[in-house]
Amino acid sequence: DVKVTQSSRYLVKRTGEKVFLECVQDMDHENMFWYRQDPGLGLRLIYFSYDVKMKEKGDIPEGYSVSREKKERFSLILESASTNQTSMYLCASSLFSGAGTGELFFGEGSRLTVL
Amino acid sequence: AQKVTQAQTEISVVEKEDVTLDCVYETRDTTYYLFWYKQPPSGELVFLIRRNSFDEQNEISGRYSWNFQKSTSSFNFTITASQVVDSAVYFCALSEDSGGYNKLIFGAGTRLAVHP
């Protein structure tokens with residue numbers, strides 16, 4: 001089975017702190033994604049990566065950056081956390097890059113609270 | 001502009017009732033893909049189905065069925081004889097061919113509560 005593992009289920013940080021959210025997938029998938037989930041808004045795409053060291057902005061990239069140094073690992077970085085970044089963050093991966101080429105596999109999510 | 005609309009925020013039913021979750025999408029692409037995902041309380045989204053825009057046949061999988069109608073831009077999901085284990089948040093999603101990558105645009109989700 002494909003496994004997408006997010007390093008932290010729950011985090012509490014203070015405004016202005018730098019936050020790292022880590023995601024690892026074990027199935028050699030090309031694509032990796034970071035979404036945030038908020039009530040009433042569904043999942044919104046922050047960034048995605050279709051290859052090592054490659055990244056593309058999603059719909060809401062402001063305030064975030066990402067890093068993909070190895071194929072299996074995709075990190076989301078909040079340079080200076082703010083209270084409006086309190087949310088559930090979901091990492092996902094898919095085998096291929098093309099549109100609609102297959103399902104996304106999701107991790108269990110990281111719930112971040114910024115005080 | 002939201003391209004996937006799930007107008008039902010929450011639905012509550014009693015076990016064994018049938019329930020339909022609505023999904024309306026918007027796209028200018030002729031080639032696109034539609035998905036449904038289930039998010040149980042554990043948080044991990046689970047893939048249920050993918051349809052491409054050229055396949056309008058309805059699909060049935062056990063108690064689950066999907067009705068895809070291009071004429072109304074809808075991709076509705078029906079659970080027959082609902083069970084408590086069906087309680088979850090359900091998301092409809094769209095992937096557009098013009099997007100170039102396997103990006104999914106999600107609706108806001110419908111929270112389904114099935115009571116014994």
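The values are calculated or read from the model by the stated rules, or taken from the named source; none is laboratory data. The structure displayed is predicted, hence computed values, not measured ones. Quick reminder, even Gly has a Cβ in these numbers, built from the backbone with ideal geometry, and neighbours come from all protein chains shown. What goes into the accessible areas is simple: the full protein's heavy atoms, side chains included, and nothing from ligands, DNA or RNA. Shrake-Rupley method; radii C 1.70, N 1.55, O 1.52, S 1.80 Å.
Some points to look at:
- Tally of residues being touching a Ser or Thr at 6+ places or on another chain (Cβ under 7 Å), within 11 Å of chain B (Cβ to nearest Cβ) and loosely packed, with under 15 Cβ neighbours inside 10 Å across the stretch A:14-42: 1
- Within the option set A:LEU78, A:LEU45, being within 21 Å of A:THR15 (Cβ to Cβ) and either touching a residue at least 12 places away in the same chain (Cβ under 8 Å) or buried (at least 20 other Cβ atoms within 10 Å of the Cβ) (or both) holds for one residue only, A:LEU78.
- Of all the residues in the stretch B:18-58, those that are farther than 20 Å from B:GLY109 by Cα and loosely packed, with under 14 Cβ neighbours inside 10 Å number 7.
- Within the stretch B:1-17, considering residues that are of a type in the set (A, V, I, L, M) and in a loop (DSSP other than H, G, I, E, B), the one most open to solvent (accessible area, probe 1.4 Å): B:ALA1
- A single member of B:ALA113, B:ALA81 is in a loop (DSSP other than H, G, I, E, B) and more than 8 Å from chain A (Cβ to nearest Cβ), and it is B:ALA81.
- Considering residues of the stretch B:59-74 that are in contact (Cβ under 8 Å) with a residue 40 or more places away in the chain and not in a strand (DSSP E or B) only, the residue most open to solvent (accessible area, probe 1.4 Å): B:THR72
- The set of residues from the stretch A:61-105 being aromatic (Phe, Trp, Tyr) and touching a Ser or Thr at 6+ places or on another chain (Cβ under 7 Å) comprises A:PHE74, A:TYR89, A:PHE105.
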